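What follows is a set of notes on a single structure, which appears directly below.
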Amino acid sequence: MGQPVRDYLLTLCVTAAVTYLLTGPVRKFAIAVGAMPAIRARDVHREPTPRLGGIAMFGGLCAGLIVADHLFNLKGVFELSNEPRALLSGAALIWLIGVLDDKFEIDALIKLGGQMIAAAVMVIQGLTILWLPIPGVGTVALTQWQGTLLTVALVVITINAVNFVDGLDGLAAGMVCIASAAFFLYAYRLWMGYGIEAAAPATLFAAILMGMCLGFMPHNMHPARIFMGDSGSMLIGLVLAAGAISITGQVDPDLMKLFEGSEREATHALLPVFIPLVLPLTIIAIPAADLVLAIVRRTWNGQSPFAADRGHLHHRLLEIGHSHSRAVLIMYFWSALIAFGAVGYSVHSASSWIVFVIIAASAVGLVLLLMPRFTPRAPHWANRFVPPRYRHRGAEPESAPSPSHGEKPVPVAAGAQQGPSDASMGEESVERAPVAVGVSGVNGATAIGARSRFPDRRSIDSSR
């Protein structure tokens, strides 16, 4: 079997193209069937937006599998393994449950049961964890029930982690795309670098998942024209989990010839064996952390763990002053740092420079997180030469017109655009009043303010 890089690239491009082309008609279909729920208090967007984007993503998944089945270097994956068929069966079931939820908003416990059934369907068809490599212990064989329970748990955790992080335009699709890219590099290295054929299905799943996300993101970036909904978030979560399950426990140290040399060299070389235990957690580290924090927060407040709120990580980024786009990019940065850092360490574990690179990148990420807290202020004498947001709040405008006797000043809403009369006054002569973080117009941030700021939402009812 030759180098299948071009076949993977073709599969990725076909998946992305089909997903992209289907998203437009799916959007019209979602509007026609009324899959546009009313805006809830925890939502970030201001206008009703259609869901059901998962329909287009599922079409891309099917197209990618069909194309790969007819490519010379990839058709062997379908001949030697039943895992692609297992993935398609579980994906079809979880996608159907998501479509029903996007339209009718089914109960959370019913969705949880559907996720378990979808995972069980994949287990029955052979997509399961058979044994685990544990550091210091060696290879531990799992019984059928142990493997089934571990597989179902990993699928359910990954699906809900991705579903929880799907709160901003383009956030879930971008983070999963980054995670799948890191996973592709790791799985491809095992397959082509060490000749481990068992890593081929996971490599294919990662390439198709990248295509699904890349094809949907142009329609989903801020301001989004369509949401993937639960039909999309649960689907990509299941595909991500399927790749991790497929490769976990499939790395044979004897095939990789890792026990040659000194004991220290063998210890460093064994990291590719143990990394499947860590990589599924690192690629969903940010969504999983959000999931755990949400469960703890809601339980602490006496609420159900499935009760929706506005306390997710992306909501907090908006609250401290980040714009919508900046918050998404920061989440991208941390996902890439954790996922590619784990893969890079597994490749160059003997080199200390990779640790210093990760530490330096983490420091940069912390600075980016705290940027709104440290907005620089210009000296008083430079107030008229800098934009209003860098001026001292106590500075008085020099040329601002004062209201006439008996006339009350008319307040201007935060984020409102200036009309012709406002523009004629000049930007330098008008000092804007401080506005609460999260209101539209402050550094581009949108829709995370007090609910009373949006009187048009008061009449909107929601069942969630």
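Brief remarks on what is shown
- Test: residue in segment 82-104 that is over 25 Å from the mean Cα position of the chain (by Cα) and open to solvent by less than 30 Å² (accessible area, probe 1.4 Å): no
- Test for Val152: is it among the aliphatic types (A, V, I, L, M) and buried (at least 24 other Cβ atoms within 10 Å of the Cβ): no
- Members of segment 167-208 found to be over 25 Å from Val14 (Cα atoms) and either touching a residue at least 40 places away in the same chain (Cβ under 8 Å) or not in a helix (DSSP H, G or I) (or both), listed by number: Gly167, Leu168, Tyr194, Gly195, Ile196
- Within segment 209-226, the only residue that satisfies the criterion of being open to solvent by less than 10 Å² (accessible area, probe 1.4 Å) and in a loop (DSSP other than H, G, I, E, B) is Ile226.
The values are calculated or read from the model by the stated rules, or taken from the named source; none is laboratory data. This structure is a prediction, so every number in the text was calculated from the model and none was measured. Every residue, glycine as well, gets a Cβ built from its backbone with ideal geometry; the counts of neighbours run over all protein chains shown. Ligands, DNA and RNA are stripped out before the accessible areas are found, and what is left, the full protein with its side chains, is counted by its heavy atoms. Shrake-Rupley method; radii C 1.70, N 1.55, O 1.52, S 1.80 Å.
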